[in-house]
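Engineer: Would you mind keeping the following structure in view while I ask a few things?
Please treat every number below as a calculation from the coordinates, not as lab data. Keep in mind that this is a model prediction, so the values were computed, not measured. Note: ideal-geometry Cβ built from the backbone for every residue, glycine included; neighbour counts use all protein chains shown.
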Amino acid sequence: MNQTKILLDENEIPTHWYNVMADMPSPPAPPLGPDGKPVSPEMLGAIFPPAILEQEMSAERWIPIPDEIRQILCLWRPSPLYRAHRLEAALGTPARIYYKNEGVSPAGSHKPNTAVAQAYYNREAGIRRLTTETGAGQWGSSIALAGQMFGLEVRVYMVKVSYEQKPFRRSMMETWGAEVLASPTDTTRSGRQILAQDPDSPGSLGIAISEAVEEAASRPDTNYALGSVLNHVVLHQTIIGQEVKKQFEKAGDYPDAVFAPCGGGSNFGGVAFPFLADKAAGREVRLVAVEPTSCPTLTRGHYAYDFGDSVGLTPLMLMYTLGHDFVPPGIHAGGLRYHGDSPLVSQLHKEGLIEAVAVPQIATFDAGVQFARAEGIIPAPESCHAIRACIDEALRCKETGEAKTLFFNLSGHGHFDMSSYDKYFRGELEDYEYPEEAINAALDRLPKVG
Ligand SMILES: *Cc1c(COP(=O)(O)O)cnc(C)c1O
């Protein structure tokens, strides 16, 4: 029999997170406050606990993972690495294809890896409540789960269009004890400001972030948790890439190319950054972030200082951005609709150490269905982006006859996304190329710095 799953033992869960900042060619650009000066930790202390802020700024290469966190991660980690024998056969490619299944977590994606860590550090700091935003519901579910495990109350501002389209994600969050509100709400100033302009606003991640941050900043017992983008979030996800490297060692193989879907960049960074260390040591490996053509942040966005939210409450971060007031088209990969990207991922892209490609929506579902029919697992629409790029590479290998080793991160399962699959099967999905004029227009509305 051919080995299909490459498994690690629980005691092989990494003991440290890998901090890519220690190995970056140039130091990351600091986040800036409203006065254009680097933000002080005190400013962020209103919404984040000290340990998280320390991780956000740390240049230490290895940061120890507290045992209590590893113990909870044991509920689903280490996650399996699969060799996709059946997909390879279906494609008729000489390439060897592997994928890591992060869909085995209780919430169904990679996001609980950081949710658990964030809830832990907030409880350690004496915080009682967390606020957050969620788009498709993946992050809200993850923080609801983690909050429950550490006895924290959780309030989730859920983008209104998803709140209406994804009632079962909401039920899931409520099962884990969270309170879920449809954003924009009239309970925050940010929400009321948006509703005054557009009473029927479908909401956006940027708007929901504004609401969650505003509430956390106004209550001393409440902090805010973010599911992607920030350095500490990417740091927590490096547990994935470290496991992948150990699993490849066990398999006696090593990837020529690594693909991961890229929204805010945490699962891509979490997978890719541990490989960057190898790259720095001279090993060849392509690291490819895959995004939608409808939200082409890394491939077509501006590299500039911009806000993380819509209203302008967050510090300014140097990143690829489509503009903080970007309202994404209603594509079905909700986790990939953010206007910006992790500053670490952005800088490494700017410096040419990682690559990015954009793929159109319908082609991603083609790939997801092909994958499901070969391997059985129904992938999240976000994950379908990485699958598309990986299959395209495998098909190129078929033409050239190269037996490359390809890897993608299966960031989540698609069990709550079946209505999107239905639309695909009915031929109701559309491809959408974000227009050049909109990208240029965003430039004029970027905050002026310096
Ligand atoms: C959120 C999400 C993503 C995007 O993750 P980032 O870390 O923000 O890039 C990808 N896949 C799934 C399944 C998700 O839930």
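Engineer: When segment 291-316 is examined, which residues are found to be more than 14 Å from SER346 (Cβ to Cβ), among the small types (Gly, Ala, Ser) and buried (at least 19 other Cβ atoms within 10 Å of the Cβ)? Outline the logic, then answer.
Structural biologist: At the first step, the residues of segment 291-316 found to be more than 14 Å from SER346 (Cβ to Cβ) are 292-295, 307, 309-315.
Narrowing the set further to residues that are among the small types (Gly, Ala, Ser) leaves 294, 310, 312.
Across segment 291-316, the qualifying residues are SER294, SER310.
Engineer: So if I check each of ALA107, ALA89, which one is assigned to a helix (DSSP H, G or I) and touching a residue at least 40 places away in the same chain (Cβ under 8 Å)? It would help to see each step written out before you state the result.
Structural biologist: Values: ALA107 fails: assigned to a helix (DSSP H, G or I).
None of the other options fit; the residue is ALA89.
Engineer: Can I ask one more? Name the one entry in ALA394, ALA380, ALA386 that is buried (at least 18 other Cβ atoms within 10 Å of the Cβ), more than 17 Å from the chain's Cα centre (by Cα) and under 23 Å from THR293 (Cα atoms).
Structural biologist: ALA394
Engineer: Only strands (runs of 3 or more DSSP E) wholly contained in segment 261-378 count here; list those with 2 or more residues that are in contact with a His (Cβ under 8 Å, 6 or more places away or on another chain) and away from the ligand (no atom under 12 Å from the Cβ). Full working, then the answer.
Structural biologist: Working: elements: 286-292, 302-307, 316-321, 355-359.
The qualifying strands (runs of 3 or more DSSP E) are 302-307, 316-321, 355-359.
Engineer: Read through the list (1) surrounded by fewer than 24 Cβ atoms within 10 Å (Cβ to Cβ); (2) within 12 Å of the ligand (Cβ to nearest atom), then give the number of the only condition that GLU124 fails.
Structural biologist: (2)
Engineer: Same structure, new question: What residue, of GLY92, GLY177, GLY151, GLY126, is among the small types (Gly, Ala, Ser), under 30 Å from ILE391 (Cα atoms) and out of contact with any Ser or Thr (no Cβ under 6 Å at 6 or more places or on another chain)? Write out each step before concluding.
Structural biologist: Values: GLY177 fails: under 30 Å from ILE391 (Cα atoms); GLY151 fails: under 30 Å from ILE391 (Cα atoms); GLY126 fails: under 30 Å from ILE391 (Cα atoms).
Among GLY92, GLY177, GLY151, GLY126, only GLY92 is among the small types (Gly, Ala, Ser), under 30 Å from ILE391 (Cα atoms) and out of contact with any Ser or Thr (no Cβ under 6 Å at 6 or more places or on another chain).
Engineer: Could you list, ordered by first residue, the pairs with Cβ atoms under 7 Å in which the first is in segment 193-206 and in contact (Cβ under 8 Å) with a residue 24 or more places away in the chain and under 18 Å from GLU164 (Cα atoms) and the second is among the β-branched types (Val, Ile, Thr) and in a loop (DSSP other than H, G, I, E, B), at least 6 apart or interchain?
Structural biologist: SER204/VAL327
Engineer: With the requirement that a residue be surrounded by 13 or more Cβ atoms within 10 Å (Cβ to Cβ), touching a Pro at 6+ places or on another chain (Cβ under 9 Å) and not in a loop (DSSP other than H, G, I, E, B), what does segment 1-25 give you?
Structural biologist: ILE6, GLU12, HIS16, TRP17, TYR18, VAL20, MET21
Engineer: Same structure again: Given the condition surrounded by fewer than 24 Cβ atoms within 10 Å (Cβ to Cβ) and of a type in the set (Ser, Thr, Tyr), answer yes or no: does some residue in segment 210-222 qualify?
Structural biologist: Scanning segment 210-222 turns up at least one residue that is surrounded by fewer than 24 Cβ atoms within 10 Å (Cβ to Cβ) and of a type in the set (Ser, Thr, Tyr).
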